[in-house]
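Derivation of every value follows stated rules applied to the coordinates shown; laboratory data play no part. The shown structure was predicted, so the numbers you read here are calculated from the model rather than taken from an experiment. In this analysis, Cβ positions are derived from the backbone assuming ideal geometry, glycine residues included, and neighbour counts consider all displayed protein chains.
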Amino acid sequence: MVVAVAAASEVRRRGGGRKPAFDANGLVALRSCIEANGKMTLDELAAAFTARTGKVVSKATVAKGMKALGYRKVKVEKAPSAPARRRRRGIPPSTAASPRRPRTRRR
């Protein structure tokens with residue numbers, strides 16, 4: 001019995017479903033968009049990819065393409081915010097000023 005092994009690029013997809021949005025040319029185009037300006041958001045990258053290739057892709061698709069290329073998403077650091085203000089709590093009423101009701105026993 002002879003078993004043939006195909007390269008990963010030659011493997012045929014089985015079943016139906018949508019074709020991958022990023023083929024080899026798409027990944028090259030995405031890489032060039034990222035290298036043009038590395039501080040773009042996913043929305044901006046999706047728009048740049050659409051302008052370059054004409055294919056409309058979502059943020060999730062761009063994130064998957066970045067992962068396939070070895071890039072990772074980085075959160076933009078914000079300026080430090082002001083420290084939280086502490087609430088002033090009112091002084092509780094003193095127990096001496098208000099008489100307590102006598103406690104009744106339950107039988």
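Summary of computed values
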read-out: Cβ-Cβ FRET estimate between Ala47 and Ala79, R0 fixed at 35 Å, reported to 0.05; value: 0.85
read-out: Peptide ranges 15-23, 45-53, 65-73 listed from the most packed, as the mean C-beta count within 10 angstrom indicates; value: 45-53, 65-73, 15-23
